[in-house]
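Accompanying notes for the structure given below.
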């Protein structure tokens, strides 16, 4: 999550360029004044968490408020279903998470779940989702990913990451498959590779043992 000065809004070009690439979060269920000021000055994205969401109606009002200041703002959230939910954090998700989907191993079901989650996010005004987790949960010495992973088999994770992306990409909330590199233990297990095609994200998941720092993830789609 990004950190910015909440007290002033500078007008120089360097500051405007910085605002275009930051993604700060905030506390509460309505946009604070400092966030509104920075959005009006060109802040390009906002990160939302459970602390910002009570229900879908409130989330819709929140995202509409953000766009009053910047109609082009990218509103990001981490909605994976299962244990990692923001839309239903108070009651628990209505949708299965990655481990359950991997255990069933029906890519069509995974695609359907991702499509419906993407639809719900789009209806609430969220247009970027940090999901799914594409980690291969194959290191017993590093169990931190747990139920967020589709499983321990790279091919299974590949199938379901691709299915999730295919389902979610139908809506205006493009998925951002993620890995928890910060919690990995060397040698790192590289668990994804994404490339942009003319119509959609095409993703596969690969386990590659690296003895040096892994490369940066792919940039945003063109």
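Pop a pseudo-label 7 angstrom from the Cα along the beta-carbon direction at both residue 51 and residue 18 and give the gap in nm to one decimal.
2.2
What is the order of 77, 145, fewest Cβ neighbours within 10 Å to most?
With the sparsest Cβ surroundings first, the list reads 145, 77.
Going by C-beta contacts inside 10 Å, put 33, 83, 135 in order with the fewest on the left.
Ascending Cβ contact count within 10 Å gives the list 33, 83, 135.
Let's test the formula: R0 of 22 Å, r as the Cβ-Cβ distance of residue 34 and residue 83. What FRET efficiency results, to the nearest 0.05?
The formula returns an efficiency of 0.10 here.
Each value in this text was obtained by applying a stated rule to the coordinates, not by laboratory testing. Because the structure is a prediction, the values reported are computed rather than measured. Cβ atoms come from the backbone with ideal geometry, glycine included; neighbour counts cover every protein chain shown.
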